[in-house]
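Comments concern the structure below.
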Amino acid sequence: MIYYTGDTHGDVEKLYKFKTRFGLTAEDTIVILGDAGWNYDQGSHDRLAKTFLKRMGITIFSIHGNHEERPYNLPYYHETEWRGGKVYVEDEFPNILFRKDGEVYDLDGHRAIVIGGAYSVDKPYRLTHGYNWFPSEQPDATIKARVEAALDVLGWNVDIVLSHTCPQKFVPVEAFMSCVDQSTVDRSTEEWLDTIDDRLTYRHWFCGHWHIDKTFDRFRFVMDDFVTIDN
C-alpha cells in the first residue's frame, strides 16, 4: 500500500507511530510531499533519522522541498530505477528514496509525475541566523523544461501529481504566516504550476509545504494526514 503525507522536517516519530498503528511492512511505501528533513544538516541529525528509518523497514519516498538539499548536490547519492522512474538513493539506506523532478512513477497502477521545490518564506531568517538555506530550493529552467517534456510525452494526462507547493490559484491564504510580508514572497514556482494545472488532465494532486490538511475537488493539501487512493 502507498500512503501520502506532508512535511516531516525530520520527525521520524510521526512515521513510526503510523507504521506501528497500522502494521506497515516492507511491502508498504510512505510518500513524503517535501521537507522530509533527511538532507537538511547533512550531519549527525540527518544520519540518526535515516538510521531509524532504515530500521523501520518500509520504503520512504520523498519529494524535494525547500528545507533540504537536492540529493544530486550531495556526493553520497546515486541514481537508480524504481517503479519506472529514476530516484536518488544511498547504498547505506536503500529504503530511503528521493525522487527526481519530471520523472514518472507507477504507484500501484497510478501514473504519477513529481514536481518538487518551493520558495522559503523563512529565507531571510535562516541566512541571518546561520541556518542552512539551499539556492536549489526552487525548480530552475532545466527542471521546468524536463517536467514539461515528460508531460508532452504523456499527452498532458496523468493520474497523480506529487508536488511540494501548489499552483498559484490554489494558494491557501489562511495558511499565511502573520510575521511574513507576503509582498516579499517569490511566487514564481506557484505561477509556473498554474500553467501546468491549466493544461494538465489529472485525477489527484497532492502537495505539502503549507502545513495544512485541506481538500477541494481533485486537489489535496496534506500535513498530518496519511492519504491513500482507492481507485
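The values are calculated or read from the model by the stated rules, or taken from the named source; none is laboratory data. This one's a predicted model, so the numbers in the text were calculated from it and none came from an experiment. With ideal geometry, Cβ positions are generated from the backbone for all residues, glycine too; neighbour counts draw on all protein chains shown. These area figures cover heavy atoms from the full protein model, side chains too; ligands, DNA and RNA do not enter into them. Shrake-Rupley method; radii C 1.70, N 1.55, O 1.52, S 1.80 Å.
Things worth noting here:
- Rolling a 1.4 Å probe over the heavy atoms of the protein chains gives region 121-231 an accessible area of 51 Å² per residue.
- Difference of contour (0.36 nm per residue) and Cα-Cα distance, E92 to M1: 30.4 nm
- The ellipsoid equivalent to the alpha-carbon distribution of region 153-231 has semi-axes of 23, 17, 8 angstrom, derived from the gyration tensor eigenvalues as √(5λ) and listed largest first.
- Within the accessible area of the chain, the carbon and sulfur atoms contribute 50%, probe 1.4 Å, all protein chains present.
- Residues whose amide H falls under 5 Å from that of L107, counting only those 5 or more places apart or on a different chain, are A112, with hydrogens built in the peptide plane.
- Taking the helices alone, the chain has a mean residue ellipticity at 222 nm of -7000 deg cm²/dmol, built from -39,500 (n - 2.57) per DSSP H run of at least 4 residues and averaged over all its residues.
- Length gained when the stretch R47-H110 is fully extended (0.36 nm per residue, less Cα-Cα span): 19.5 nm
- The residues F216, F98, sorted by heavy-atom accessible surface at 1.4 Å with ligands and nucleic acids left out, run F216, F98 from largest to smallest.
- Taking GluC sites (Glu not before Pro) as exposed when their DSSP state is a loop state and no more than 12 other Cβ atoms lie within 10 Å, the longest site-free interval of the chain runs over 93-231.
- Three principal axis extents of region 1-58 based on alpha-carbon atoms, in descending order, are 30, 21, 16 Å.
- Ranking by accessible area, most exposed first, for K214, K169 with a 1.4 Å probe: K169, K214
- Residue of P71, P135, P167 that the Gaussian network model of the chain assigns the largest fluctuation, springs spanning Cα pairs under 10 Å: P135
- Modelled this way, with points 7 Å down the Cα-to-C-beta line, the labels at D11 and D213 are 1.1 nm from one another.
- Fluctuation leader among H204, H78, H129 - the chain, Gaussian network, Cα springs under 10 angstrom: H129
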